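The values are calculated or read from the model by the stated rules, or taken from the named source; none is laboratory data. The shown structure was predicted, so the numbers you read here are calculated from the model rather than taken from an experiment. In this analysis, Cβ positions are derived from the backbone assuming ideal geometry, glycine residues included, and neighbour counts consider all displayed protein chains. These area figures cover heavy atoms from the full protein model, side chains too; ligands, DNA and RNA do not enter into them. Shrake-Rupley method; radii C 1.70, N 1.55, O 1.52, S 1.80 Å.
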Protein chains: 2
Amino acid sequence: MLKVPEHQVAGHIAKEGKLGPLVDDRGRFYKPLQGDARGENEAKFYESFSSNKNVPDHIRGYFPVYHGVQLAEASDGSGKLPHMVLEDVVSGYVKPSVMDVKIGSRTWYPDVSEEYFNKCIKKDSATTTISLGFRVSGLKIFDCQESRFWRPEKRVVLAYKVDGARMALRKFVSSNPSADSVPDCAYASEVYGGSNGILAKLLELKAWFETQTLYHFNSCSILMVYENESGGDDERRAQVKLVDFAHVLDGNGVIDHNFFGGLCSFIKFIQDILESSDNRCENGH
Amino acid sequence: MLKVPEHQVAGHIAKEGKLGPLVDDRGRFYKPLQGDARGENEAKFYESFSSNKNVPDHIRGYFPVYHGVQLAEASDGSGKLPHMVLEDVVSGYVKPSVMDVKIGSRTWYPDVSEEYFNKCIKKDSATTTISLGFRVSGLKIFDCQESRFWRPEKRVVLAYKVDGARMALRKFVSSNPSADSVPDCAYASEVYGGSNGILAKLLELKAWFETQTLYHFNSCSILMVYENESGGDDERRAQVKLVDFAHVLDGNGVIDHNFFGGLCSFIKFIQDILESSDNRCENGH
């Protein structure tokens, strides 16, 4: 009844008997509590966040709905294990383009072990985390011209430098992502732009992060999704969700300057693509 | 003719025959080009910035005026050395309260030597740089009740944690900074608040940093100054200036997310003080 998610682009993958998240056919995402403290921390965050009256309603929509922890058959065959039951963000999409962007100019935080610090700083330096304040950690884009999904290898994605990250964000809204030619940004104005577009949602999040001192979202990602199956109305159903809360800490009265700075850098990249592609997109899809 | 600055609160001090900045009696600040690359880098920045047509005029006011490099008698008696000639920010103030706040959640940046990285990360962790996105690096406050200047030792200032930094920002606008009693924040509304106050200036800077991709201001400080000598009009002449540009890099199309995040965290601290001290201040000075 539970199966491996079709559109997961980052994190542990439940394949070849490995432990990873599963989905059901009713739009729920089952994320196993990892052995170490991380699973517990993430479940604690969801418990705290769901009951936190200081979180505005319009902000809750940017987080997956939390349905508590349940025992479920683990993907690695190790029997029943506790899973966080979350909203499956891509449920109901036929041909979703999905991108996972880890926000922040560092993924470590005060009081982590030296081993974890060294692991993070190494990866933060090898990716665009330090230089851009964010890094693309996974993507899967539907190529409308080839009418198939395009998905670069993880090692390729994690090797992106500034230009690679910019290119990925252009491909994400292009009808020719897998082509070697210049990405046409055909869907930029529909997906990034507009009152329901991704930029508008990111700006709403930004306004909250400017003053919120409840949580520090260390090593947390923004998941972007939109639909490529053109139905009756050409509604793209562009979505922005925050995911991965294993390293969230209390804000203790201080804003999350690490997430906020990275978010604003990311927003600038989206704005630049919208501006540079305005003309092309009017002729686009 | 050149003398040791009276109100310098951070950086190298030209005392006991050490090399440091000097001032003249015409409002100019002479900063020696340090032996290593830093002096050259800072002079290069001032040259670039002064001639950069993409910097809005209202933003230039937040930087010391640059008058070029001149040979001047060095404070360490080593004869004539090249000095950057800058606007002396505190010139014309009789009893200035001054605070230097280093902005950013890191003082290192990509491609620095491992030695410099280790030195920075150690100091960033020991201070509030990582936790708050800024650290107080020096202050000198005029105590109106004792009618003398109060200046904590450097080692005390650099040992501030979150509460110490918040306390220093409260003392900065109090008539009783050196007392053990609670800082009265008597001048908060005059100095931090108002259309000419420090918060208004910080918000103007913030708006620029939200989109500027010209420079990355690594390890750069915000200098805050105001007057305590009450003349005819009680004009506080509150000032905000960016200083110390030895580690500025080109932005290359990316916003300075490290400075921006720290600036917004700092702004939140100022806003909190204004809100919490509103009542007291109305009865204040």
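Here are the numbers:
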| quantity | calculated |
| --- | --- |
| Answer residue from the range A:87-125, given it is within 11 Å of chain B (Cβ to nearest Cβ) and in contact (Cβ under 8 Å) with a residue 12 or more places away in the chain and is farthest from residue A:148 (Cα to Cα) among those | A:109 |
| Matching residues in the range B:71-128 - criterion: being within 19 Å of the chain's Cα centre (by Cα) and of a type in the set (S, T, N, Q) | B:91, B:97, B:105, B:107, B:127, B:128 |
| In the range B:183-242, the residues that are open to solvent by less than 10 Å² (accessible area, probe 1.4 Å), part of a helix (DSSP H, G or I) and of a type in the set (Gly, Ala, Ser) | B:188 |
| Odd one out for residue B:178 among (1) within 19 Å of residue B:136 (Cα to Cα); (2) assigned to a loop (DSSP other than H, G, I, E, B); (3) within 14 Å of chain A (Cβ to nearest Cβ) | (3) |
| Some residue of the range B:267-278 being under 27 Å from residue B:86 (Cβ atoms), open to solvent by less than 20 Å² (accessible area, probe 1.4 Å) and in contact with a strand residue (DSSP E or B) (Cβ under 6 Å, 6 or more places away or on another chain) | no |
| Residue count for the range A:212-230, restricted to those that are among the β-branched types (Val, Ile, Thr) and within 14 Å of another protein chain (Cβ to nearest Cβ) | 1 |
| Subset tally (residues that are in contact (Cβ under 8 Å) with a residue 24 or more places away in the chain, open to solvent by 40 Å² or more (accessible area, probe 1.4 Å) and closer than 19 Å to residue B:41 by Cα) for the range B:68-86 | 4 |
| Pair list, Cβ under 9 Å, 6 or more apart: the range B:241-268 residue more than 8 Å from chain A (Cβ to nearest Cβ) and under 24 Å from residue A:251 (Cα atoms), other residue assigned to a loop (DSSP other than H, G, I, E, B) and among the polar types (S, T, N, Q) | B:256/B:212; B:256/B:213 |
| Single residue of the range A:33-67 satisfying the filter (over 18 Å from residue A:248 (Cβ atoms) and touching a residue at least 12 places away in the same chain (Cβ under 8 Å)) that is least open to solvent (accessible area, probe 1.4 Å) | A:67 |
| Filter result for the condition that a residue is closer than 24 Å to residue B:268 by Cα and within 11 Å of chain A (Cβ to nearest Cβ), over B:132, B:139 | B:132 |
| Residue selected from the range A:1-32 under the condition under 19 Å from residue A:221 (Cα atoms) and of a type in the set (Val, Ile, Thr), by the criterion surrounded by the most Cβ atoms within 10 Å (Cβ to Cβ) | A:9 |
| Residue B:147, sole failed condition from (1) within 14 Å of another protein chain (Cβ to nearest Cβ); (2) more than 20 Å from residue B:276 (Cα to Cα); (3) of a type outside the set (D, E, K, R) | (1) |
| Strands (runs of 3 or more DSSP E) wholly inside the range B:87-172 containing at least 2 residues that are open to solvent by 20 Å² or more (accessible area, probe 1.4 Å) | B:148-150 |
